[in-house]
1. Residues in the range A:359-368: is at least one more than 14 Å from RNA strand B (Cβ to nearest atom), open to solvent by 10 Å² or more (accessible area, probe 1.4 Å) and in contact with a His (Cβ under 9 Å, 6 or more places away or on another chain)?
2. Since A:Trp99 meets every condition but one in (1) in a helix (DSSP H, G or I); (2) surrounded by fewer than 20 Cβ atoms within 10 Å (Cβ to Cβ), which condition does it not meet?
3. Taking A:Gly171 as meeting all but one of (1) surrounded by 15 or more Cβ atoms within 10 Å (Cβ to Cβ); (2) at pLDDT 95 or above; (3) assigned to a loop (DSSP other than H, G, I, E, B); (4) not hydroxyl-bearing (Ser, Thr, Tyr), write down the number of the exception.
4. Note down all Cβ pairs under 6 Å where the first residue falls in the range A:531-542 and is free of Cβ contacts under 8 Å to residues at least 24 places away in the same chain, the second is open to solvent by 80 Å² or more (accessible area, probe 1.4 Å) and near RNA strand B (Cβ under 6 Å from one of its atoms), and they're at least six residues apart or on different chains.
5. Within the range A:440-466, how many residues are of a type in the set (D, E, K, R) and modelled with pLDDT of 90 or more?
6. I'd like to know if the range A:138-149 contains one or more residues that are basic (Lys, Arg) and open to solvent by less than 10 Å² (accessible area, probe 1.4 Å).
7. Output the residue which, of all residues in the range A:472-506 that are among the aliphatic types (A, V, I, L, M) and either not in a helix (DSSP H, G or I) or not assigned by TED's automatic domain parsing to the domain that holds A:Ile543 (or both), is farthest from RNA strand B (Cβ to nearest atom).
8. Might you check whether a residue that is basic (Lys, Arg) and touching a helix residue (DSSP H, G or I) at 6+ places or on another chain (Cβ under 9 Å) occurs anywhere in the range A:69-92?
Amino acid sequence: MNLFAEIRDLITSTLDQMVSAGTLPEGLNFDPITAEPPRDPAHGDMATNAAMVLAKPAGMKPRDIAEVLAAKLAEDPRVTSAEIAGPGFLNLRLAPSVWQEIAKTVLSEGTAFGRGTLGQGKKVNVEYVSANPTGPLHVGHTRGAVFGDALASLLDFAGYDVTREYYINDGGAQVDVLARSVYLRYQEAHGQEVAFPDGTYPGDYLIAVGEALKDKVGDAYLDKGEQFWISDIREFATEKMMELIRSDLKALGVEMDVFYSEKSLYGTGRIEAALQDLKDKGLIYEGVLEPPKGKKPEDWEPREQTLFKSTDHGDDVDRPVMKSDGGWTYFAPDIAYHYDKVQRGFDQLIDVFGADHGGYVKRMKAAVSALSGGTVPLDIKLTQLVKLFKNGEPFKMSKRAGTFVTLRDVVDQVGPDVTRFVMLTRKNDAMLDFDFDKVLEQSRENPVFYVQYAHARVASVLRKAAEAGIAADDATLAGADLSLLDHDSELGVLRKLGEWPRLVETAARTNEPHRVAFYLYELAADLHGHWNKGNEVPSLRFIQDDAATAQAKIALARATAIVIAAGLGILGVTPAEEMR
RNA sequence: GGACCAUUAGCUCAGCUGGAUAGAGCGCUGCCCUCCGAAGGCAGAGGUCAGAGGUUCGAAUCCUCUAUGGUCCGCCA
């Protein structure tokens, strides 16, 4: 249940009455009518634009509509006043009991408060990370992993049936490179001197793989040609790399439902089947692409190749699906993979890519649009670069991988909770600065700390209550006399709690989990502010001599902690019981 | 040459898909601990929402152009 939706229902049903009474003409569209908290709390608890939106189609003045509507709305017990303001806004004030009821609901529903029905159980597939199985995850992957995982949790919370999926790019040439690199480490494990030419992976993380290969096959591959071992080592190495990646993800607290192998698409007719589907729709043809303008590749020559007519589905140019040597381009298995997702019956697809894949968005959307006949929407979220700092100085190097900072480097230094929260303090398509020192700072400047601190403070209150012999379990608190929460400061926190279900909806609708992080920061600020008012106004403190009063006050604190815990749960962050 | 993203206070960023006087943090100025954790709070100063047009009752938000920065652009995934 969502208070804003309830009030909106009240407004629209009142308007219906006005239509029946002949005050308003029939056939009006109520869709654009909103009920939302006004920017300025001085305007009241709830504002609606109904009169302004309806004025023109109804052929009436906004004020005339607003006056009738206001009078009728004021009759509802939940509404204490309805005032017309500005160009025709209707500002509603709600009875304190409406807000007090929210605390009660939170306490009885627990962290399920705010769980939505927006998704209606629809099946949505969230594909994220999908890093090549050629090495450990780096910072860029980390942001994608955190974003995708939080988005998946958010959608789950909003009532979707979510599948978390990782696409393993184990079919392309980069896996041969991996195999050759592992072979070098294998030779090294046998005591040979090796050099890593360009086009191989020199990172230390393959040393152990070389050792493991030696343990497995002994010297069977030594002094043998590539054709003898490449296939075996490819399989062995990707398996090892996926183990590494899974453990990286685990360190971050990410667990996938499905790991989908690109390789499994080859030799099984599945790529062919997907392309046949497009062919049947007349979207595959042989043709020659224009060279890109402005940039002149040295070796450009016109070439006839097999193309997907993605321009029919919103792309800028058609895209090749087959290379000149007859092999598939990377796009072909991707088409087949998304074809498979569509066939698995997902109602919605979401891909999370790094910003460097921006040029890939249109063709992928075109493919899904074509394959599903436009029935399955694909949303592609790009996560922008992460810039790393230490002591305000940028840095890039990693001991482990040699060339890039790994997910492990980050998680080992600051922990999974901080990593996750900080990665979500910026919207996905904006660049993110990540400073190893600042994220560990314990001050208001650091949102992770600030939110955790609010939660810990409530835990502290509960401990004090226990010492004082005040019963403060959730059931008892839910039964407390919450009409005692009538101070502005208390009602302010309650209002914020009331926004939670609505926030979940908008965040889920826009696929923007960062909104949760920002909301939690605001909620924490409200709690901290309220807390400090207890310094001047003792009646606002949580612990009171009278047990019944104390329970009402503690109920507010506890309800806040519950919503914080629920929000942190979506972000994948553990709420702190105390600060250390 | 084209595509995509960004541009909001001195700095770092939000802004609930078109609403009222555009909000936080840092920094700056001045305050608040005998008090549940001051690791906090309150108040003040600070803005031509990159620029120019357009759409309408109403634009930071939608459309067009321009400027600046970033990512990318056939046989790498």
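The values are calculated or read from the model by the stated rules, or taken from the named source; none is laboratory data. In this text, all values refer to a predicted model and were calculated from it rather than measured experimentally. Glycine also receives a Cβ, built like all others from the backbone with ideal geometry; neighbour counts cover every protein chain displayed. Ligands, DNA and RNA are excluded from the accessible area calculation, which covers all protein heavy atoms including side chains. Shrake-Rupley method; radii C 1.70, N 1.55, O 1.52, S 1.80 Å.
1. To start, the set of residues in the range A:359-368 that are more than 14 Å from RNA strand B (Cβ to nearest atom) comprises A:368.
Now narrow it down to the ones that are open to solvent by 10 Å² or more (accessible area, probe 1.4 Å): none.
There is no residue in the range A:359-368 that is more than 14 Å from RNA strand B (Cβ to nearest atom), open to solvent by 10 Å² or more (accessible area, probe 1.4 Å) and in contact with a His (Cβ under 9 Å, 6 or more places away or on another chain).
2. Answer for A:Trp99: the failing condition is (2).
3. Against the list (1) surrounded by 15 or more Cβ atoms within 10 Å (Cβ to Cβ); (2) at pLDDT 95 or above; (3) assigned to a loop (DSSP other than H, G, I, E, B); (4) not hydroxyl-bearing (Ser, Thr, Tyr), A:Gly171 comes up short only on (2).
4. Sorted first by the residue in the range A:531-542, then by its partner, the pairs are A:Gly534/A:Arg541.
5. Going through the range A:440-466, the residues of a type in the set (D, E, K, R) turn out to be A:441, A:444-445, A:457, A:463-464.
Of the ones still in play, those that are also modelled with pLDDT of 90 or more are A:457, A:463-464.
Counting residues in the range A:440-466 that are of a type in the set (D, E, K, R) and modelled with pLDDT of 90 or more gives 3.
6. So in the range A:138-149, the residues basic (Lys, Arg) come out as A:143.
Filter again for open to solvent by less than 10 Å² (accessible area, probe 1.4 Å), leaving A:143.
Taking every residue of the range A:138-149 in turn, at least one turns out to be basic (Lys, Arg) and open to solvent by less than 10 Å² (accessible area, probe 1.4 Å).
7. Step one: of the range A:472-506, the residues among the aliphatic types (A, V, I, L, M) are A:472, A:475, A:477-478, A:480, A:482, A:484-485, A:491, A:493-494, A:497, A:503-504.
In the following step, the residues that additionally are either not in a helix (DSSP H, G or I) or not assigned by TED's automatic domain parsing to the domain that holds A:Ile543 (or both) were identified as A:472, A:480, A:485.
On the way: A:Ala472: 12, A:Ala480: 15, A:Leu485: 14 Å.
Among those residues, the one meeting the criterion is A:Ala480.
8. Quick first cut of the range A:69-92, residues basic (Lys, Arg) only: A:72, A:78.
If we keep only those that are touching a helix residue (DSSP H, G or I) at 6+ places or on another chain (Cβ under 9 Å) too, we end up with A:72, A:78.
The answer is yes, given that some residue of the range A:69-92 is basic (Lys, Arg) and touching a helix residue (DSSP H, G or I) at 6+ places or on another chain (Cβ under 9 Å).
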